[in-house]
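Take a look at the structure set out below.
Each reported figure results from applying straightforward, stated rules to the coordinates on display, with no laboratory input. Because the structure is a prediction, the values reported are computed rather than measured. Cβ placement follows ideal geometry from the backbone for every residue including glycine, while neighbour counts extend to all protein chains displayed.
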Amino acid sequence: MAAAAPSVVATTAGASTAVLSPRPAPTSAFLRRTHVTSHRHPTLKCRRAGPLTPAAAAAAAAGGSSPSSAVFHGEAFVVGDNIDTDQIIPAEHLTLVPSKPDEYRKLGSFAFAGLPSAAYPTPFVAPGEESTRYAVIVGGANFGCGSSREHAPVALGAAGARAVVAESYARIFFRNSVATGEVYPLELADAGAWKECKTGDVVTVDLGNSVFINHTSGKEYKLKPIGDAGPVIEAGGIFAYARKTGMIASKAAA
Amino acid sequence: MASSVSAAAKASAAFTHKKELAAATAPAPTQHRAGTGRRTKACRVRAVASPARAPRAPASTGSVKTAMTMTEKILARASERAGLEPGENVWVDVDVLMTHDVCGPGTIGIFKKEFGEDAKVWNREKVVIIPDHYIFTSDERANRNVDILRDFCMEQNIKYFYDIKDLSNFKANPDYKGVCHVALAQEGHCRPGEVLLGTDSHTCNAGAFGQFATGIGNTDAGFVLGTGKALLKVPPTIRFVLDGEMPPYLLAKDLILQIIGEISVSGATYKSMEFVGSTVESLNMEERMTLCNMVIEAGGKNGVVPADETTFKYLEGKTSVDYEPVYSDAQARFFSDYQFDVSKLEPVVAKPHSPDNRALARECKDVKIDRVYIGSCTGGKTEDFLAAAKVFLASGKKVKVPTFLVPATQKVWMDVYSLPVPGSGGKTCSQIFEEAGCDTPASPSCGACLGGPRDTYARMNEPMVCVSTTNRNFPGRMGHKEGQIYLASPYTAAASALTGYVTDPRDFLM
């Protein structure tokens, strides 16, 4: 899964800044992000992990040979080490079946409902809302440990998050994220980034250049290339990818 | 099946030629091989484990070319490969796919969406569907999810569906089992050398049988339902050599909590954990399950215990399916090795809120508790209740905090009510529990281990402190986000119930 991406991806930070320079100021980017969020379909179907800004479009065009060139921009929601699936989606909500569209949406509204309120006073999804204002989740080591519930990446994706940027992942969460195409599980090259970020920071995830930028703190972090998993997530999960690439017949049997 | 059997026999022929790892590492005699032993020496051949085999092609009977660990061998056989290395991605044929009421409906939804409304599962005899999570609840969606499973099993003519319809009395449901991982073992679905995938992270429990068993998500399971195949990355193996006589106050739960405390909750991420050594050989099947059950709590992909006489004896009469155990080669490469002298270990707990937050039970003697929970796939088996009963019997006292007992399966429940506890003069566990003032053993299910619907029996709806024989103590795990869970062995749990504090069971057992 974690095969190295083509070397073209490994551009320098300077290059990535150049690519990103046409990005509008954070406030207007928010508007755009909100706009994109409203485009999201509350079903399991493939969502386009398409470019969100003109800068992203430019990056996509420039990095044509790179397997994943999407750019996500918005506010970060920051959590710590060993965030387990009970905190991502408490078991009492597992009666919701992710393959049913209305229950899928509902799962999103409970995303991160299990985080202890003392340590995390700001909820990921505001009360009464179905989706989150945070496009990117920043975590520490072993993100998604615990149960095999696919409801976990589904809840994050259904709430509107596009990517998780963490130091490492528990195996099943990583796999489920890719298989469903719900969120990009991106790994930071170095440890400790989550300690330098706080919830609400304005961040950019640039897959094509494998960088994670915190505009609020002005710091930039290298991401490990997502490799072959990128196109699978971009397609919307393994089934959509297999159809898109001709591995399986393009339409389910009637 | 016929072709895959011969392919399996072909692939495994290469493995049986050399000395086995266990023999090379453990000081005690460990030649428990059976079943495939035709090419090996000095093995007792048991009828149950030495099924008739398709003849092997001469080319397949050469010497070992690639030394492999047990996990690598199982995956090599399942992918019809002569050899493979950790890190390789291989397509494996799945022998058993298990799902339950929490992930089954979603899996079925994906299967239908991707393969079509009229699609058939790849093999109706290899799909095992076990309602167990949210059963005894008035939650309508939870009830509906069991109905979805039933409709699907009827439509697909699934052979192994352990249904429940009468929620008011589980005994009125002869097919109902209870907790999937224990039911899988009791119903003979855990077989050495095979590949078991389940939509539950504790599927690794079945590694106790020398089976490759791991948890997967709904989407992967939907794919398996349609094709019988899964793409798996071969994990490197960490070997844990446990030697020494098990002290009478320790249980397998202490061993695995010890190990997780040692390597951390991510110490085995993407890796296989193989348990060998004289202590492991001395453990019964249920204790081996406890070891393997919690490898996921160290991030492990799977855990394995080499199959031996204990395994074959347990399986007698439980399955008519031919199976062929495999074992690590002496030259197999392990990612790392850990050695434990079990005779020197003490009872341990995992403090809130992480399974690797290890402490000696006696170090926590000032921790006041509100309740004790004995149950789940990890700590709700017959041996777990016998262990708890032993402590209550030895003390002759009454519990000081509410003590909840949830047998994992209907079979365990029967054992609790019928098996005499050794040294009790013929009393059953249930009688001893009643005398000690415990709650009446409840209907078998996953119960409160993972919280579940609000009306779940013994769910922690208040921020309390609980000593539990379950597997996870993450924030909110048993229901309340501010609840505190101390994971412990059934001995320690029972001892703690008697004092109202976290208590080392030696206070009662010695």
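Some notes on this structure:
- Ordering of A:189-195, B:264-270 by burial proxy (mean other Cβ atoms within 10 Å per residue, highest first): B:264-270, A:189-195
- Over the range B:378-510, the pair-distance histogram of Cα-Cα distances with 10 Å bins from zero comes to 14, 46, 33, 7, 0 percent, rounded to whole numbers.
- Karplus-derived 3J(HN,Hα), 6.51/-1.76/1.60, for each residue of the range A:71-82, Hz, glycine and proline x: 10, 10, 9, x, 8, 9, 10, 10, 10, x, 6, 6
- From most to least packed by mean Cβ count within 10 Å, the peptides B:456-463, A:159-166, B:292-299 give B:292-299, A:159-166, B:456-463.
- Take the Cβ atoms of B:Y457 and B:E88, set R0 to 60 Å, and the FRET efficiency comes out at 0.85.
- Cα→Cβ-extended label distance, 7 Å offset, between B:S138 and B:A330, nm: 6.6
- Label separation (B:E245 vs B:S418): 3.4 nm, computed from points 7 Å beyond Cα along the C-beta direction.
- Sorted fewest first by neighbouring Cβ atoms within 10 angstrom, B:K126, B:K73 come out as B:K126, B:K73.
- Across peptide A:138-149, the average count of Cβ atoms from other chains found within 10 Å of a residue's Cβ is 6.
- Screening chain B for whole DSSP H helices with an alpha carbon extent of at least 15 angstrom along the helix axis and a mean Kyte-Doolittle hydropathy of at least -1.0 yields B:2-13, B:104-115, B:140-156, B:252-263, B:382-395.
- Equivalent ellipsoid dimensions for chain B as semi-axes, Å, which come from the Cα gyration tensor, largest first: 35, 28, 20
- Between B:K400 and B:N169, the simple label model (points 7 Å from Cα in the Cβ direction) yields a spacing of 4.0 nm.
- Taking each of A:K195/A:K224; A:K224/B:K271; A:K106/B:K271; B:K271/B:K481; A:K100/B:K112 in turn, the alpha-carbon distance tops 23 angstrom for A:K106/B:K271; B:K271/B:K481.
- Karplus-derived 3J(HN,Hα), 6.51/-1.76/1.60, for each residue of the range B:194-208, Hz, glycine and proline x: 9, 10, 10, 10, x, 7, 7, 5, 8, 4, 4, 3, 6, x, 4
- The mean number of Cβ atoms from other chains found within 10 Å of a Cβ in peptide A:82-88 is 6, as a whole number.
- Residues whose amide H comes within less than 5 Å of that of B:I485, counting only those at least five positions distant or on another chain, are B:C466 (H built at 1.01 Å from N in the peptide plane).
- Spatially proximal lysines relative to B:K171 (Cα-Cα < 16 Å; intrachain offsets below 8 disregarded): B:K411
- Residue by residue, the range B:469-476 carries 3J(HN,Hα) couplings of 8, 7, 10, 9, 10, 4, x, x Hz when phi is fed to the Karplus relation 6.51 cos²θ - 1.76 cosθ + 1.60 (θ = phi - 60°); x denotes Gly or Pro.
- Relative protection proxy for B:277-290, B:479-492, from highest mean packing down: B:479-492, B:277-290 (other beta-carbon atoms within 10 angstrom).
- Residue-averaged beta-carbon neighbours from other chains (10 angstrom radius) around A:173-179: 4
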